[in-house]
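See below for the structure under consideration.
The values are calculated or read from the model by the stated rules, or taken from the named source; none is laboratory data. What you see is a predicted model; the values in this text were computed from it and never measured. Every residue, glycine among them, receives a Cβ derived from its backbone with ideal geometry; neighbour counts consider all protein chains shown. These accessible areas exclude ligands, DNA and RNA; they are computed on the full protein's heavy atoms, side chains included. Shrake-Rupley method; radii C 1.70, N 1.55, O 1.52, S 1.80 Å.
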Amino acid sequence: MKLTRVNFAAAPFFFVEREKIMEEMKRMTLEEIAAAIGISRTTIYKVLAGKGNVSEKTRSTVMEALETYHYVQNKNARNLAMNRQYTIGYVGFRSKSANYFSPKVRKGIARAVKEFGDDGLNVLIAEFDVEKPWQQTEAVERMLAQGVRDFVLAFSDEQIIEAILKQLKQEGCRVVLLSRDLGKKHENYYVGVDYYKSGQLSAELLGKMLLCRGKIFIPVTAEYRDNQDIQARLAGFLEKLKEYPGCEVLPVVHGLVEGEKVYGEIVSCIGREPDLSGIFDLTYRLDMTAKALRDCGRRDIKLVGFDLFAEIEKDIEDATIDAVVYQDLSKQAYLGIKILFEEMCDGMVHEKKNFYSKLEIIMSGNLCYFREEE
């Protein structure tokens, strides 16, 4: 597997007077200021960011102290002066069924490096085939050997990632799990969506589209067995649909891998169930489900799925796909890198561990706001 060092932005030359460098290095750190005023560093960061629940009295005390001790946020000058580099390793996967995942994640990483590259951020990228999850272990071990101690990980196999996390914990590493979570089984950061809620939202959409009645078919990817996100989506959907008693869920079909199998299963279901009213697609091949509806002349069947990729944009535009529940993978990847960089560079430890992306609904009427830029 090729391990790639990503240099999206080259730092320009800076000419800084030695006196200014020494002045910057002599300023009190936030740790020192926190100790001097008896207020936690986390609270000070909240004040600096203008976020969080901080009383006006505390905010005033912090601002006064920052002014008294001449504190200035200037990572760029400080890191250039001290020649600091901050390296984060991203180990993610490539999937034929979800081929949009890798490009969107890389886009988010590129954004982070562009924003923080001049402050010393470097990102190493390794991607493994989703069918060969053991390659993730190999990639992490290579990065550890190179001295990397901060990781953003997108995994495909739960057992393998648990072993990796155990090793990284022993090494004292910081970790962000991207897009897929392990629930309460870990103490690392998680950046992604609440999949159970995404399933509930899908059920609400479909239930209301069908006016609370009709037969619903749910085709499911072969990854269901090992993918707790798909499991959570399905569980959320089935639980929420109980609020629409007139809707009948047909037997769920699992194990659908290739696009042709998805297509064939949808065509077969339409043949068996001529009064089929709705489909909730959990296959990662929503494009093939839409194609089956078009070819069978059954665009009257309401179709709801998840995620947005180029192959389905025209199907959303002409309402063959009625709606998708969307998560911004690019923004998630950017946030994962940003969280680690802020902790590495500034010691900004976030109190919360789960960073849930907002769930958005895309339909033909608002697709134009979500199309990929050329």
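Give me the number: length gained by fully extending Glu56 to Tyr369, i.e. 0.36 nm times residue separation minus the C-alpha to C-alpha distance, one decimal in nm. Provide the component values of the computation, followed by the final result.
Details: separation 313, 0.36 × 313 = 112.68 nm, distance 3.83 nm.
Extra length available between Glu56 and Tyr369 comes to 108.8 nm.
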Accessible surface, 1.4 Å probe, highest first, among residues Thr42, Thr320: Thr42, Thr320
Rounded if a/c under 1.5, otherwise prolate or oblate - segment 83-172, Cα gyration tensor axes: oblate
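Could you give the dipole magnitude of the chain about its Cα centre, charging the beta-carbon of Lys and Arg +1 and that of Asp and Glu -1, in debye to the nearest 20?
On the way: 53 positive and 57 negative charges, 103 e Å.
For this selection, approximately 500 debye.
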Dipole of the chain, positive direction: furthest Cα of Ser330, Asn53, Ala34, with charges on the beta-carbon: Ala34
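For the chain, what percent of Cα pairs sit more than 28 Å apart?
Values: 37045 of 69751 pairs.
In whole percent, the share of Cα-Cα pairs in the chain beyond 28 Å is 53.
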5 angstrom amide H check on Val152, placed H, neighbours 5+ away: Gly89, Tyr90, Val91, Val176
Backbone HN-Hα couplings from phi across segment 177-182 [Karplus 6.51/-1.76/1.60, Hz, Gly and Pro as x]: 8, 9, 6, 10, 10, 10
Accessible area of Thr289 in the full protein assembly, 1.4 Å probe (Å², nearest 10): 0
Residue of Gly297, Gly52, Gly214 that the Gaussian network model of the chain assigns the largest fluctuation, springs spanning Cα pairs under 10 Å: Gly52
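Considering only protein heavy atoms, with the full assembly of protein chains and a 1.4 angstrom probe, order Met143, Met344 by accessible area, largest first.
Numbers: Met143 0, Met344 40 Å².
Correct descending sequence by accessible area is Met344, Met143.
When every alpha-carbon pair in segment 151-205 is counted, what percent end up more than 16 Å apart? Walk me through the intermediate numbers first.
On the way: 658 of 1485 pairs.
The share of Cα pairs beyond 16 Å in segment 151-205 comes to 44 percent.
Which shape class, rounded, prolate or oblate, goes with segment 183-282 when its Cα gyration tensor gives a ≥ b ≥ c as root eigenvalues, a/c under 1.5 marks rounded, and past that a/b bigger than b/c marks prolate? Present the calculation step by step, with values, prior to reporting the outcome.
Numbers: a/c = 2.85, a/b = 1.36, b/c = 2.09.
Oblate is the answer for segment 183-282, as a/c is 1.5 or above yet b/c matches or exceeds a/b.
How would segment 222-374 be classified by its alpha-carbon gyration tensor: rounded, prolate or oblate, with rounded meaning a/c under 1.5 and the a/b versus b/c comparison settling the rest?
On the way: a/c = 2.27, a/b = 1.76, b/c = 1.29.
Judged from the Cα gyration tensor, segment 222-374 comes out prolate (a/c at least 1.5, a/b above b/c).
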Selected from Gly246, Val175, Ala290, residue furthest toward positive end of dipole (the chain; charges at beta carbon): Val175
